[in-house]
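These notes are about the structure you will find just below.
The values are calculated or read from the model by the stated rules, or taken from the named source; none is laboratory data. Computed from a predicted model, the values in this text were never measured in an experiment. Cβ atoms come from the backbone with ideal geometry, glycine included; neighbour counts cover every protein chain shown.
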Amino acid sequence: MNTFALMRDTWPVGFPAMSAILGSIVGSFLGVVAERVPGMVMEEEGSSNLLFPASHCPVCQHTLAAWENIPLVSWLVLRGRCRSCHTAIPLRIFLIELFSALFFGITAWCMPDVQALFSLWLLAAFLLPLTMIDWRYQLLPDCLTQPLLWAGLLLHAFDHRLPLRDALFGAVAGYLSLWLLYWAFRLTTGREGLGYGDFKLLAALGAWCGWQSLPVLELVAALSGIVGYFTLFNLNKNNLTISFGPYLSFAGIVVFISQQFAFIF
Ligand SMILES: [Zn+2]
């Protein structure tokens, strides 16, 4: 029995619970990434970065005290409002912390081994802010998609679940497949159906999952995209913006998790 299985068997509740707490802290940071990166990308001069200025209310500039920065708890205690000016703190701040906490807790409980668990957490830590940013701004910043691609290649260079060659071909094929689709769509309809950020994101997921998984990954992304599109269309017909990044991210997570189990059994 490996150390990981031993640890989980010794603390069947404690280990997932600790992971969930870690997840809420990571989620809190990912919320900052999702809030600040679009501004950092779109502004000419970088007036803010991930560490500066300290967390503050964007309306009244009130700097948050340490106790107002506790993941999940602070939002609930403050009832989703700034302590100083009572402006609503967006629900998405709370939801990303909650989602991360649940995701870390559940995966800590069910993933087959510690390498699979930590690499999945790393993947999710990129995909979660990418999803939030693409959803709101139709933007997949290079400063997130590119490190994600390198991380995928490095993962397979050190942990030999996939031959490095499969990861490399995955990155190239991922990019090219959407690039070809983009031009086929553009030449036949004269419109742009995808953005370059989508190609880079699929290149990154190809590096993580290998070229063999791309057809399944794209199928899952397309099907969930269709379901998502019609759901949103029924909810809000007037203000419908389409981003593909969230569906690619969802498909990437699904495929990566299923691969971890296939490699074990
Ligand atoms: Zn305020």
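Considering only region 154-198, how many residues are over 28 Å from Thr241 (Cα atoms) and either of a type in the set (Ser, Thr, Tyr) or surrounded by 17 or more Cβ atoms within 10 Å (Cβ to Cβ) (or both)?
8
Out of curiosity, is Leu72 surrounded by 12 or more Cβ atoms within 10 Å (Cβ to Cβ) and within 11 Å of the ligand (Cβ to nearest atom)?
Criteria not met by Leu72.
Looking at region 54-68 only, could you name the residues that are more than 13 Å from the ligand (Cβ to nearest atom) and over 16 Å from Gly31 (Cβ atoms)?
Those that are more than 13 Å from the ligand (Cβ to nearest atom) and over 16 Å from Gly31 (Cβ atoms): Ala66, Trp67.
Check off (1) under 21 Å from Phe94 (Cβ atoms); (2) at pLDDT 90 or above; (3) not hydrophobic (A, V, I, L, M, F, W, C) for Asn69 and give me the number that stays unchecked.
Asn69 satisfies all of (1) under 21 Å from Phe94 (Cβ atoms); (2) at pLDDT 90 or above; (3) not hydrophobic (A, V, I, L, M, F, W, C) except (2).
Take the residues in region 229-256 that are of a type in the set (Gly, Ala, Ser) and closer than 15 Å to Leu194 by Cβ; name whichever of them is modelled with the lowest pLDDT.
First, pick out the residues of region 229-256 that are of a type in the set (Gly, Ala, Ser): 243, 245, 249, 251-252.
Now restrict to residues that are closer than 15 Å to Leu194 by Cβ: 243, 245, 249, 251.
Numbers: Ser243: 90, Gly245: 96, Ser249: 98, Ala251: 97.
Result: Ser243.
In the list Val37, Val41, which residue meets the criterion of being modelled with pLDDT under 90, under 18 Å from Asp134 (Cα atoms) and not assigned by TED's automatic domain parsing to the domain that holds Leu130?
Numbers: Val37 fails: modelled with pLDDT under 90.
Val41 is the lone residue from the list that is modelled with pLDDT under 90, under 18 Å from Asp134 (Cα atoms) and not assigned by TED's automatic domain parsing to the domain that holds Leu130.
Could you go through region 40-53 and let me know if any residue there is out of contact with any Leu (no Cβ under 8 Å at 6 or more places or on another chain), within 13 Å of the ligand (Cβ to nearest atom) and either of a type in the set (Lys, Arg) or part of a loop (DSSP other than H, G, I, E, B) (or both).
no
So if I check each of Ala151, Ala125, Ala171, Ala116, which one is under 13 Å from the mean Cα position of the chain (by Cα) and touching a residue at least 12 places away in the same chain (Cβ under 8 Å)? Don't jump to the end; show me each part of the working.
Numbers: Ala151 fails: under 13 Å from the mean Cα position of the chain (by Cα); Ala171 fails: under 13 Å from the mean Cα position of the chain (by Cα); Ala116 fails: under 13 Å from the mean Cα position of the chain (by Cα).
Just one listed residue meets the conditions, Ala125.
Let me spell it out: the conditions are (1) modelled with pLDDT of 95 or more; (2) out of contact with any Gly (no Cβ under 9 Å at 6 or more places or on another chain), and Ala17 meets all of them except one. Which number is the exception?
(2)
When region 67-103 is examined, which residues are found to be among the hydroxyl-bearing types (Ser, Thr, Tyr) and either free of Cβ contacts under 8 Å to residues at least 40 places away in the same chain or over 26 Å from Leu123 (Cβ atoms) (or both)?
Within region 67-103, Ser74, Ser84, Thr87 qualify.
Is it the case that some residue within region 79-86 is hydrophobic (A, V, I, L, M, F, W, C), surrounded by 15 or more Cβ atoms within 10 Å (Cβ to Cβ) and either at positive phi or within 10 Å of the ligand (Cβ to nearest atom) (or both)?
For region 79-86, residues hydrophobic (A, V, I, L, M, F, W, C), surrounded by 15 or more Cβ atoms within 10 Å (Cβ to Cβ) and either at positive phi or within 10 Å of the ligand (Cβ to nearest atom) (or both): present.
Which members of region 12-27 meet the condition of being loosely packed, with under 12 Cβ neighbours inside 10 Å and not small (Gly, Ala, Ser)?
So in region 12-27, the residues loosely packed, with under 12 Cβ neighbours inside 10 Å come out as 12-14.
Within region 12-27, Pro12, Val13 meet the criteria.
Can you tell me which condition Ala203 does not meet? The list is (1) over 21 Å from Cys143 (Cα atoms); (2) of a type outside the set (S, T, N, Q); (3) free of Cβ contacts under 8 Å to residues at least 60 places away in the same chain, and all the others hold.
(1)
Given the conditions (1) at pLDDT 95 or above; (2) closer than 25 Å to Leu22 by Cα; (3) surrounded by 15 or more Cβ atoms within 10 Å (Cβ to Cβ), which single one is not true for Leu140?
(2)
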